[in-house]
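J.: Structure incoming, see below.
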Amino acid sequence: MIAELLQEIAPNCIIDTKQENSDCGFSIKVAKDPSWNYYIVFTDGLSNQPQDVPEKYDAFKKLELYFCLPDYWNFEADGWPVYWLEKLAEIPQKNNTWYGPGDTIPAGDPPQSLSERFPANHFMLVEPLKVKDLLEDPIFKTAGIQFMGIIPILQEELDYKIRNSATVLMARLVKNNYTEQIDLFRQAVCRKRFLNFF
């Protein structure tokens, strides 16, 4: 259903199915439009299993998750977004829990770097930024579907979020011109201070 709605908004986008998860009733798909400088790797069908959320978070009842990847992404060399999107999407059903904005999830137990080139070891869920106009289109709002992007974060950023808040960490990311689009070369936005000079 999500793929069909997305193609109504962007008729020229090409959508491929990467993974089917029959146990939890969703698939992992990749969308790319010639006018986009990114890929979207998204769940399709996760929202068919509404989350049992508090009333305050009712907008997130019918949730779909996504990664936003730069258009130079090599899925053969870096296939972890597909792998982790499936793992993260399973958690609410398997653990009888729910996701909201600012939630963080470790990449494994204990947390491991996502790849040799990318030391991020946690994920933070955020509302759309770079692809806000696309994924908050009225066609999705009418269907009651909410998307949340997944931002990989580094250990020092997780520590900073725990000390402060997800909102404060997100503000630092935005201040440094980072969105939910993954940047394998980005630096941590909250380095350790040395004698309060930095």
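The values are calculated or read from the model by the stated rules, or taken from the named source; none is laboratory data. The structure presented is a predicted model; accordingly, all values stated were derived computationally and were not measured. With ideal geometry, Cβ positions are generated from the backbone for all residues, glycine too; neighbour counts draw on all protein chains shown.
J.: Just name the residue that is nearest to Asp137 (Cα to Cα) out of those in the stretch 1-22 that are among the charged types (D, E, K, R) and in contact (Cβ under 8 Å) with a residue 40 or more places away in the chain.
T.: Glu8
J.: Continuing with the same structure: Right, Lys18: under 15 Å from the mean Cα position of the chain (by Cα) and either under 16 Å from Glu180 (Cα atoms) or not β-branched (Val, Ile, Thr) (or both) or not?
T.: Spelling it out, it is not the case that Lys18 is under 15 Å from the mean Cα position of the chain (by Cα) and either under 16 Å from Glu180 (Cα atoms) or not β-branched (Val, Ile, Thr) (or both).
J.: Specify the residue that is surrounded by the fewest Cβ atoms within 10 Å (Cβ to Cβ); the eligible residues are those in the stretch 102-150 that are of a type in the set (D, E, K, R) and within 19 Å of Leu6 (Cα to Cα).
T.: Among those residues, the one meeting the criterion is Asp133.
J.: Separate question: Do any residues in the stretch 168-192 that are small (Gly, Ala, Ser) have Cβ atoms under 8 Å from those of residues that are modelled with pLDDT of 90 or more, where the two are at least six apart or on different chains, and which pairs are they?
T.: Short answer, once both residue conditions are applied: Ala188/Leu154; Ala188/Glu156; Ala188/Glu157.
J.: Taking the residues in the stretch 1-60 that are β-branched (Val, Ile, Thr) and out of contact with any strand residue (DSSP E or B) (no Cβ under 8 Å at 6 or more places or on another chain) as candidates, determine which candidate is farthest from Leu85 (Cα to Cα).
T.: Ile9
J.: Can you give me the ranges of the strands (runs of 3 or more DSSP E) entirely in the stretch 24-128 with at least 2 residues that are more than 25 Å from Gln187 (Cβ to Cβ) and basic (Lys, Arg)?
T.: 26-32
J.: Among the listed residues Ala77, Ala89, identify the single one that is modelled with pLDDT under 95 and hydrophobic (A, V, I, L, M, F, W, C).
T.: Ala77
J.: Let me ask something else about it. Quick one: in the stretch 151-174, of everything that is among the β-branched types (Val, Ile, Thr) and buried (at least 21 other Cβ atoms within 10 Å of the Cβ), which residue is nearest to Pro101 (Cα to Cα)?
T.: This residue is Ile151.
J.: Looking only at the stretch 21-74, how many residues end up being small (Gly, Ala, Ser), within 23 Å of Pro101 (Cβ to Cβ) and either within 16 Å of the chain's Cα centre (by Cα) or crowded, with 19+ Cβ neighbours inside 10 Å (or both)?
T.: Total satisfying the criteria: 3.
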